[in-house]
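To start, the structure under review is shown below, and the notes come after it.
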Amino acid sequence: MLYWYLVFNLIEKRILSAVSAHLQARYGSDLAVVLEQPKQASFGELAIPAAFQLAKSLRKAPRAIAAEIAAEIGAIEGVAGLEIAGNGYINVRFDRGVYADGLLRPPANAAVEQDSGKTIVEHTNINPNKAAHIGHLRNAVLGDTFVRMLRAAGHDVEVQNYIDNTGVQVADVVVGFHYLEHKTPAEVEALINAAQPFDFLCWDLYARTSSYYKDNKDALAWRSETLHAIESGTGEVCDLAHLVADAIVERHLKTMLRLNVMYDVLPRESEILHLQFWATAFELLKQRKAIYLETEGKNKGCWVMPAEAFNDNGGEEDSKVIVRSNGTVTYVGKDIAYQLWKFGLLGKDFYYRILQTYPNGHKLWVSTDQPSGDSPAFGKAARVYNVIDSRQSYLQDVVVAGLRALGFEDQAERSIHFSYEMVALSPRTCVQLGIELSEEDKKRPYIEVSGRKGLGVKADDLIDKLIETALVEVESRHADATPEECRAVAQQIAIGALRYFMLKFTRNSVIAFDFQEALSFEGETGPYVQYATVRARNIIQKLEARGEKLPDFANVLDKAAMARQLESEDAWQLLLAASKTDLAIERAIVSGDPAHLAKYAFQLAQAFNNFYHEYHVLNEENPEKRTFLLWMTDYFRSQLECTLGVLGIEAPPYM
RNA sequence: GGGCGCGUAGCUCAGUUGGAUAGAGCAUCAGCCUUCUAAGCUGAGGGUCGCUGGUUCGAGUCCAGCCGCGCCUACCA
C-alpha cells in the first residue's frame, strides 16, 4: 500500500516507538502501546493510556505511573509537551510550528509500501430486466466510493459489474414481450428506440408478468421454455433476451454515469455458460469431493454441498443444491466458477471487446465468447470484494465454502463479502407514491421494495427530482446565469446530495428511504460540503479579482510565523481538523465503511464554516496573519476538494 | 427452530481497539445578512444507551440470559 505523507501519522509513530522503548527499558514491559484521540480537543492532540494498562502489573496508581513516564521519557521530535490528566492519561501536545511546517513543506521521503497485488471490486450487478432503483444506487455508490478510497491509497483496483443476462428475471420480461404481448424482436427494437425509456417500460412489464404468473400457474412453463431457449443460444426468443438485456445494460450504464460511476469490465453470465466455465468448475468440485450426488430425500438426484461446509453448526441445516436434478446449474454454482476465475484459479478466461468509451476516455470492456484481439489482463486478483446486500450473505458463504472445499484457503480468506443492509421505503414515502399499505405495514418502520411487484423508487426518477429541486434553488440565487449553467450546477448538487445520502448511513443500517430527507440540501448533506468548498474557492477568486495573486506560501511563511499564528487555539484546532484527510481515508479503508469518510467530509466542512465566520480573510490588516489565513483557506480548499473527489462528488463553480 | 443484523434525544443516525462531561443532523425555541454567498453561523431545551446479571480500576462498547424488530434459511437470482 502506498501512503502519501502524513504529518500526523509520522508524529504518532514517533510517539509510539518512543513510549514502547521507554516502557521496555524502564519497566521491562513489552506492552503494545496504543494512542487515543482525546475526548475533548482542549486535552491535546493525542492521549497515551499506557499507565492504566501498567497499573495492575506494577501495583501502582495509574496517575503516579503516568507522571513517572512523562517526567522520564525525554524529548520527542514534533511534541511540545506531555501532561498528566484524569486518572492517569498522558496527553500529548504537538509543536504547532513544526506540524504546520510539515504540512506546508512535506519532506520528500514519503513512506511507500508496495501494493500486494490487484484488488477486484465487484459492484452494481443489476439484473438487466428493468430500471435501476434506489437499492441499486446504494450498492453502486458504496462500491464506487470504496474503489475511490482504495485508489486514493495507491491500490491497483479493477472494477467489475457482473451482468446476469441469462437468468430468470430477464426471462420473465421476455415472456412478457413474447407470450403476453406477442411482440417480434423487430417490434421490441422499435420500443428500445422509442421516447419512453426502455428500462422504465420493462419495469412495468416485469411487474405485469409476475402478477400474471400468480393467476395463471401454467404460464410458468413459458418461463422454463424461455430459459431453455436462452441457454441454447439460438432462436427468436434467445435473440429477444439479448436484445432486452443489452438495451437495459446500456440504460443502467447511463444512469450510473450520471452518478460518476464507471466500470472497467462487464463479465456476463452468457459467456460463463458458453465458455463452459461451469463445466470446468463442476469437474473441480466433483474431483475434490466438495459436492456429492444426493441419493435420497427431497434433494435426491441433485449435486449438493453439505451444510457443514458453510455453516459451523450445520447439523440442522439443509445442504445447498448446486446442480438441480434436471442437470441445470444454480446461480451459486455459476458464482463459484466466477469467483474462481476472479482469482485466476479456473484455468480459463473470457474474451473481451470494448463496449464503450466513457466521455473521459476510459474504456469499458465486456466479455465475449469469440477471440477478438488484445485486451487488458482482467481477473487474477489477490483480493476480491463483492458488494452485495446482506440478504445474500448465505449464498456468499456458500461461494467461499466452495473455494475452501477446493483447497483454496488463502483465496477464501481474501474473498470479502462487502455487505450492506437494504434500502426500504419509509411509510410516508409509500403514501406519497400512492402505494397502499395494510394496517400491519403502517406500523412498520419501513417497507421493503419489490421489483417483482414494481414497488419502489426508480433511480432516474429520483435523480431527476433532485435536479429539479436543486434547480429551483440555483435559479433563485443566480438570476444572471444562463439556463444551461444553472442546470449543470443543479446536476452537480443533486448528485452530491444523492451520493452523500447513500453514504451517510453505516453499511449495516437499513435505510428507510424518505423523499423529504433525501431531497434536503441542508445540514449533514452533500451540498453542505460542496457549499463550504465553493466558499473557500470564492475567497481566492475574490482575491484574484482584486488583482492580487495567491502568495507562494512555502516561500513567504516560515515556521516561526506559523507558530505565532497558531497560538490561537481556534486556528490550531481548525488546521488540525483540515490536516486529517489522509487519516480519515485510511481509517475508512481499514474499517471498510465509506460512511466514516462521509462523516469526516461533513466535519471538515463544519470546521471550514467555523473558520469562514471567525476570520474575515481578505479584510485582515496584519500582513503576516492575512498570509497565514490565505494559506489556511487554500489548504482547506484542497482538502475539501480531495475528500469530495474520493466520495465521487464534484464541487460546482458556484452555488 | 437455526444464521446474520438492529435497538442510543421527539425523528433519522454517529459513537474507532473498553477510558475523561454519550455526540451530530432534522424538528422546536431565541438570536445573526450595508462585511470573502444565510444551502451558512451562534445559543437553548431535549438521554433509564431495550431489560437483567456478569467480567474490571473503568462498560453504550466485552460476556451470558431475556424482550422487541428486520432480513436470510428455494431444485429463484
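The values are calculated or read from the model by the stated rules, or taken from the named source; none is laboratory data. Bear in mind the structure is a predicted one, so any value in this text is a computation, not a measurement. Here Cβ is always computed from backbone atoms with ideal geometry, including for glycine, and neighbour counts include all displayed protein chains.
Screening the candidates A:A71, A:A47, A:A32 for the property of being part of a helix (DSSP H, G or I) and among the hydrophobic types (A, V, I, L, M, F, W, C) yields one hit, A:A71.
Go through segment A:188-226 and give me each residue that's closer than 17 Å to A:L240 by Cα, among the aliphatic types (A, V, I, L, M) and assigned to a loop (DSSP other than H, G, I, E, B). Matches in segment A:188-226: A:A194 only.
Any residue that is under 17 Å from A:E641 (Cα atoms), of a type outside the set (V, I, T) and within 11 Å of RNA strand B (Cβ to nearest atom) - is there at least one of those in segment A:508-522? No, segment A:508-522 contains no residue that is under 17 Å from A:E641 (Cα atoms), of a type outside the set (V, I, T) and within 11 Å of RNA strand B (Cβ to nearest atom). For segment A:172-191, the set of residues classified as under 38 Å from the mean Cα position of the chain (by Cα) and over 12 Å from A:E236 (Cβ atoms) consists of A:D172, A:V173, A:V175, A:G176, A:E189, A:A190, A:L191, listed by residue number. Residue count for segment A:610-633 satisfying the condition of being surrounded by fewer than 17 Cβ atoms within 10 Å (Cβ to Cβ) and under 32 Å from the mean Cα position of the chain (by Cα): 1. Can you tell me how many residues in segment A:242-278 are in a helix (DSSP H, G or I) and farther than 29 Å from A:G347 by Cα? The qualifying residues number 13.
In segment A:430-476, the residue that is surrounded by the fewest Cβ atoms within 10 Å (Cβ to Cβ) out of those that are more than 28 Å from the chain's Cα centre (by Cα) and β-branched (V, I, T) is A:V472.
Residue under question is A:F636, and the condition is that it be within 11 Å of RNA strand B (Cβ to nearest atom) and surrounded by 21 or more Cβ atoms within 10 Å (Cβ to Cβ); does it hold? Walk me through how you get there before you give the answer.
Numbers: within 11 Å of RNA strand B (Cβ to nearest atom): no; surrounded by 21 or more Cβ atoms within 10 Å (Cβ to Cβ): yes.
Spelling it out, it is not the case that A:F636 is within 11 Å of RNA strand B (Cβ to nearest atom) and surrounded by 21 or more Cβ atoms within 10 Å (Cβ to Cβ).
On the stretch given as segment A:576-591, residues that are within 11 Å of RNA strand B (Cβ to nearest atom), touching a residue at least 24 places away in the same chain (Cβ under 8 Å) and more than 20 Å from A:Y99 (Cα to Cα) total 1.
In this structure, does A:F611 turn out to be more than 7 Å from RNA strand B (Cβ to nearest atom), farther than 14 Å from A:T145 by Cβ and modelled with pLDDT of 95 or more?
Details: more than 7 Å from RNA strand B (Cβ to nearest atom): yes; farther than 14 Å from A:T145 by Cβ: yes; modelled with pLDDT of 95 or more: yes.
Considered against the rule, which asks whether it is more than 7 Å from RNA strand B (Cβ to nearest atom), farther than 14 Å from A:T145 by Cβ and modelled with pLDDT of 95 or more, A:F611 comes out as yes.
Kindly evaluate A:V147 against the criterion of being under 14 Å from the mean Cα position of the chain (by Cα) and either within 28 Å of A:L557 (Cβ to Cβ) or crowded, with 23+ Cβ neighbours inside 10 Å (or both). Spelling it out, A:V147 is indeed under 14 Å from the mean Cα position of the chain (by Cα) and either within 28 Å of A:L557 (Cβ to Cβ) or crowded, with 23+ Cβ neighbours inside 10 Å (or both). The set of residues from segment A:81-124 being touching a helix residue (DSSP H, G or I) at 6+ places or on another chain (Cβ under 7 Å), in a strand (DSSP E or B), modelled with pLDDT of 90 or more and not aromatic (F, W, Y) comprises A:L82, A:I90, A:N91, A:V92, A:T119, A:I120, A:V121. For segment A:205-261, residues that are in contact with a His (Cβ under 9 Å, 6 or more places away or on another chain) and surrounded by fewer than 18 Cβ atoms within 10 Å (Cβ to Cβ) total 2.
For segment A:436-467, the set of residues classified as in a helix (DSSP H, G or I), without any contact (Cβ under 8 Å) to a residue 60 or more places away in the chain and either within 23 Å of A:W203 (Cα to Cα) or aromatic (F, W, Y) (or both) consists of A:D461, A:D464, A:K465, A:L466, A:I467, listed by residue number. Restricting the first member to segment A:522-533 and to residues that are farther than 14 Å from A:Y600 by Cα and at pLDDT 95 or above, and the second to residues that are outside any helix (DSSP H, G or I) and within 7 Å of RNA strand B (Cβ to nearest atom), the beta-carbon pairs closer than 7 Å and six or more apart or on different chains are A:P527/A:F521; A:Y531/A:M655.
One residue alone among A:E45, A:E72, A:E12 is in contact (Cβ under 8 Å) with a residue 12 or more places away in the chain and surrounded by fewer than 14 Cβ atoms within 10 Å (Cβ to Cβ), and that residue is A:E72.
Here A:Y500 clears all of (1) in contact with a Lys or Arg (Cβ under 9 Å, 6 or more places away or on another chain); (2) hydroxyl-bearing (S, T, Y); (3) more than 10 Å from RNA strand B (Cβ to nearest atom) except the condition numbered (1).
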